[in-house]
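First up is the structure itself, then whatever we jot down about it.
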Amino acid sequence: MILVIDSHPYRYEAEALCRLFLRGRELKIFEGAEIPEGDFIYTAVFGDEISVRVKMDGKDLSAKDYAVENKAAKMEYLIYKILSKITGILPKWGTLTGIRPVKLALSMMDRGLSASEVREKFRTERLVSDEKLDLLLSTAEHERAIRALSKPESVSIYISIPFCPSRCSYCSFTSHAIEKAAKLIPQYVDLLCEELRDTAVLMNELGLHLETVYMGGGTPTVLNPEQLDRVLSTARDSFDFGGVRELTVEAGRPDTITAEKLEVMKKNGVDRISINPQTMDDGVLEQIGRKHTAKDVVDAFYMARSFGFDNINMDLISGLPGDDFDKFRRTIDSVLELDPENITLHTLTVKRSANLVNDAQAMLNRTVDEMNEHAFRCFDEAGYYPYYLYRQKGTVEGLENTGFCKPGKEGIYNVFIMDETHTILATGAGGVTKMKDPHGPKIERIFNFKFPYEYVDRFDLMNERKEQVKDFYARYPL
Ligand code: SF4
């Protein structure tokens, strides 16, 4: 299939939407006015006139409309209407392809629209289904309450530990299996502690206030207890923890969680951890390259409880290779039996860097949708509500990732980062600092080196980049 982009700048929007209807079929992009041979999706904007023509599966349909503003949205509407007619596919998020639909809804509410006006606009103009509108507006309500906690001087810290015990087949993050990268860890920890101290000095100079700290990865608990203690205690000693609302460690894989590490985390004031099963089916765990069983998850969970952790998140993924509806249903039942405070349900995302592109494409998309619907129903019945959500490029069926929690147990950092509420100062390899204007929407980024060996080799150069934070706050003062 060829997507033709004729005389308009909406390539990204058109491509993202078309892919939802093509379900793994190859899509080539061609910029110009020429109509190709064979199947194509032709899109053009001339002045106020927007036209779309699709030749596909023996059908040839076209439509035209006019718009002075929001031409991209109008074009997406036409693409959706034609492609759904030809394919019979009706993506539930309608023409919305961005990763932050809740932020979009909240910005409309900030401009004075009521929740029901936002619902109506999304339903009629963006063709979003009632099911996703319910999810979106319920999430927006909870997200709004959390973001109101942030003040102009608020920032959060991200601490990156980009190492894992082994690589999961579905993983698209830059994480490094420990077998290969273990020798780097001691030096990495030294430099990470240095970066944390420097970041704390910078924050003091600028009068910034720490709201939340999130240590993620990778799998932070691949560090041994001493290394984990060094990173956490350096953070505690360097920053003013007086007003910190949340300190999360994404413990992640149960096979890395030990009593000593839980003790270290407790001692350093960690008040939220993740223990991520992804699935509670041993066969699926094996198939995705996780070297632990469902029983290991249960054991790690109860061990964490015995250390007093009363805010535990568990990540699950729908659409994993080898999974099916019955196994997924059992996964949901097992996790609900543990009664964690947070459950985050991800929909599998197929990225080129993952090893299982073909398996995932073979997965029946409808099953994934049914899995999510089932999970949402069970979570609701068990007293959880959605408090943040985001979408990713390449997610099966264009579906979403949603964080659910018990009342008052929202993962606050998750909302701040997804809503882009305030500046996130990232430390460690792969970290991306996002500076946010305290009084407006402007965002600028600073990228740390992606790979641990670059981080270690070029630390000074990378650390100098943090000077840009001062420049930013000089331009966008508190
Ligand atoms: S534990 Fe997470 S970050 Fe590590 S390889 Fe698996 S999916 Fe990737």
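Taking all protein chains together and rolling a 1.4 Å probe, Tyr388 ends up with roughly 20 Å² accessible.
Per-residue Karplus couplings for region 312-323, computed as 6.51 cos²θ - 1.76 cosθ + 1.60 with θ equal to phi - 60°, are listed in order as 10, 9, 10, 8, 10, 10, 9, x, 5, x, x, 7 Hz, Gly and Pro entered as x.
A probe of 1.4 angstrom, applied to the heavy atoms of all protein chains, finds Tyr302 with accessible area near 120 square angstrom.
Counting Cα-Cα pairs of region 101-143 in 5 Å increments starting at 0 gives whole-percent bin shares of 6, 25, 40, 23, 5. Inter-label distance, Lys450 to Lys59: 3.9 nm, where each label sits 7 Å from its Cα along the C-beta direction. Residues with amide H under 5 Å of Thr344's amide H, sequence separation 5 or more or different chain, H placed in the peptide plane at 1.01 Å from N; which? Under 5 Å from the amide H of Thr344 lie the amide H atoms of Met314, Asp315, Leu316, Phe404, each far enough along the sequence or on another chain.
Residue separation of Glu69 and Ala115 scaled by 0.36 nm, minus their Cα-Cα distance, works out to 14.3 nm of gained length.
With every protein chain left in place, what is the accessible area per residue of the chain in square angstrom, probe 1.4 Å?
On the way: 20030 Å² over 478 residues.
For the chain, the per-residue accessible area is 42 Å².
Distant-in-sequence amide contacts of Met280, defined by a placed amide H-H separation under 5 Å and a gap of 5 or more residues or a different chain, comprise Thr331.
In terms of its C-alpha gyration tensor, region 45-109 has an oblate overall shape, because the principal axis ratio a/c (a ≥ b ≥ c, square roots of the eigenvalues) is not below 1.5 and a/b does not outweigh b/c. The heavy atoms of Asp380 offer some 110 square angstrom of accessible surface to a 1.4 angstrom probe.
In what sequence, largest accessible area first, do Lys183, Lys151, Lys393, Lys71 appear using a 1.4 Å probe? Mind showing how you got there, number by number?
On the way: Lys183 170, Lys151 85, Lys393 125, Lys71 40 Å².
Ranked list, largest accessible area first: Lys183, Lys393, Lys151, Lys71.
Coupling constants for region 205-213 follow from the phi torsions by the Karplus curve (6.51 cos²θ - 1.76 cosθ + 1.60, θ = phi - 60°), and in residue order they are 4, 8, x, 8, 10, 7, 9, 9, 10 Hz; glycine and proline get x.
Listed values for region 56-65 are Karplus-derived 3J(HN,Hα) couplings in whole Hz (6.51 cos²θ - 1.76 cosθ + 1.60, θ = phi - 60°), namely 7, 6, x, 10, 9, 10, 9, 8, 9, 8, and x replaces Gly and Pro. Cross-link pairs exceeding 21 Å in C-alpha to C-alpha distance, out of Lys151/Lys393; Lys180/Lys450; Lys180/Lys393; Lys183/Lys266; Lys74/Lys436, comprise Lys151/Lys393; Lys180/Lys393; Lys183/Lys266; Lys74/Lys436.
Simple spin-label estimate for Ser84 and Asp310 gives 4.7 nm between the two label positions (7 Å along the Cα-to-Cβ direction from each Cα). Taking GluC sites (Glu not before Pro) in DSSP loop conformation with at most 12 other Cβ atoms inside 10 Å as exposed sites, the chain has its longest uninterrupted site-free stretch at 70-478.
Taking all protein chains as present, what is the carbon and sulfur share of the accessible area of region 101-143, in % to the nearest whole number, probe 1.4 Å? Mind showing how you got there, number by number?
On the way: 980 of 1950 Å².
Answer for region 101-143 is 50 percent, counting heavy atoms of protein chains only.
The values are calculated or read from the model by the stated rules, or taken from the named source; none is laboratory data. Given the structure is predicted, the values throughout are model-derived calculations rather than measurements. A quick note on method: Cβ atoms are made from the backbone with ideal geometry, for glycine too, and the neighbour counts reach across all protein chains shown. Protein only, heavy atoms only, side chains kept; ligands, DNA and RNA dropped before computing areas. Shrake-Rupley method; radii C 1.70, N 1.55, O 1.52, S 1.80 Å.
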